[in-house]
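Input: a single structure, listed below in structure tokens.
The values are calculated or read from the model by the stated rules, or taken from the named source; none is laboratory data. All values reported here derive from a predicted model rather than from experimental measurement. Glycine also receives a Cβ, built like all others from the backbone with ideal geometry; neighbour counts cover every protein chain displayed. We work out accessible area using only protein heavy atoms, side chains counted, and drop any ligands, DNA or RNA first. Shrake-Rupley method; radii C 1.70, N 1.55, O 1.52, S 1.80 Å.
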Amino acid sequence: MTGPAPLVDRTVAAFRQSFGGDPVVVAFAPGRVNLIGDHTDYNDGFALPCALQVGTVVAIAPLDDDSVIARAIDLDGASDSFRIDIPIPLLSAGQWQNHVRGIAAGVAQFGLPLRGARLVISGDIPQGNGLSSSASLGVALALGLAALGGELAPDRQTLARIAQWAEHNYVGCACGIMDQIASAYGQPDCAVLLDCRNLEVQPVAFPRDAAIMVVPSGVARGLVDSAYNERRAQCTLAAEHYGVSALRDLDVEMLEAARHGCDEIVYRRARHVVTENARTLQAANAIEHGDLFTLGDAMRASHASLKADFEVSVPAVDALVDCLNDVIGSEGGARMTGGGFGGCVVAVVPKTRMTMINRALSGHWKRTGIPPQQVLLARPSPGATLIAV
Ligand code: GLA
């Protein structure tokens, strides 16, 4: 058996306790941290995430009537049940059950086999930090339900699309597909360079002497879905202004040449996307060559652009990024990561500097009065796996 053993054991034990038998399928899918390339995915652009060692496990057994009973052990064993032989109804916004219902509906929608199931869900991704616990649940559940229905090797892109479809149609976030692709396609010891136009995924070996530190800002993310959907709409307006099918099709020259008549905010959103795409390609190349200096420049510029042009950072995240970049210097760098409005900062640094960085972080928590946050040392990890069938 491979995979995240303690989480699997806990989930299987909870399954036995809830349903009094063994699960037939156990599936795992990881969360992700994005090294660079934020708010580019829904503009057909580039992103450079890596899958994490933490994620979500789903343990499942069949049910002979056409219904699903789901239990979330991290939510005090809260449960849900619904029929799958009729259109699966949505509950009111913000309820965890919609994630499960959306995936069950998506599995059928995308032509994978769906049958009645009892299932238990548990995860070890720190919640509310923008590390894609939702995508990891979606991909694990889609993989597990498809396996229960007899499809043991579904196309990974389909799994990612199901999880994204569930977010759009059941959860209410018009997200891109980076999180779900990272969760489905993660590679050990590699970041994955993702081309969101054709969904090509290219592994980029991560240097052995560098570390990825994921530092929670200690600020709960607020207004995430509405502000996110607004940014996405602004990018669509920008693409319309420039007469391209997606902002991916612009470069800086075109951006400036046809700027006239474009709303100032819409222009700045487009500028972020255009420059972020270029930085992401540059960063992938730097990682491949073990060049933390160039990578650091790209990461700092990415943060500045997300802060000033895309306006998705918040002061507490900026202060944490500044503190990290001060201590890191020019070899490596730090930036906000993910959708923004709070959540985590990611830093890539030489391993030899980690003690110094942890010392600087202690000072930061003291100065700001934010309770010290647990740093996750990210290990680039494999994507979704069936652990037992
Ligand atoms: C969230 C979304 C992703 C992506 C990032 C920003 O994580 O789910 O699709 O847009 O924000 O890069």
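Take Pro371 and tell me if it is more than 21 Å from Glu276 (Cβ to Cβ), touching an Asp or Glu at 6+ places or on another chain (Cβ under 7 Å) and either modelled with pLDDT of 95 or more or in the same structural domain as Met299 (by TED's automatic domain parsing) (or both). Considered against the rule, which asks whether it is more than 21 Å from Glu276 (Cβ to Cβ), touching an Asp or Glu at 6+ places or on another chain (Cβ under 7 Å) and either modelled with pLDDT of 95 or more or in the same structural domain as Met299 (by TED's automatic domain parsing) (or both), Pro371 comes out as no.
Only one entry in Arg221, Arg208 is open to solvent by 40 Å² or more (accessible area, probe 1.4 Å) and touching a residue at least 24 places away in the same chain (Cβ under 8 Å), namely Arg221.
Any idea which of Gly130, Gly172, Gly138 is within 13 Å of the ligand (Cβ to nearest atom) and in contact with a His (Cβ under 9 Å, 6 or more places away or on another chain)? Checking each option against the conditions leaves just Gly138.
On inspection, Ile73 does not qualify as open to solvent by less than 10 Å² (accessible area, probe 1.4 Å) and either of a type in the set (Lys, Arg) or closer than 16 Å to Ile60 by Cα (or both).
No other residue among Gln17, Gln53 is under 16 Å from the mean Cα position of the chain (by Cα), farther than 23 Å from Arg101 by Cβ and open to solvent by 20 Å² or more (accessible area, probe 1.4 Å) apart from Gln53.
Just checking, does region 182-195 include any residue being open to solvent by 50 Å² or more (accessible area, probe 1.4 Å) and assigned by TED's automatic domain parsing to the domain that holds Gly369? Outline the logic, then answer.
Taking region 182-195 and keeping what is open to solvent by 50 Å² or more (accessible area, probe 1.4 Å), we get 185, 187-189.
Next, only the ones that are assigned by TED's automatic domain parsing to the domain that holds Gly369 stay: none.
The answer is no, given that none of the residues of region 182-195 is open to solvent by 50 Å² or more (accessible area, probe 1.4 Å) and assigned by TED's automatic domain parsing to the domain that holds Gly369.
Comparison of Arg161, Arg232, Arg156, Arg221 shows that the only residue that is at pLDDT 95 or above, over 30 Å from Gly116 (Cβ atoms) and of a type in the set (D, E, K, R) is Arg232.
Being crowded, with 20+ Cβ neighbours inside 10 Å and either at pLDDT 95 or above or of a type in the set (Ser, Thr, Tyr) (or both): is that true of Val244 here? No; evaluated as a whole, the condition is false for this residue.
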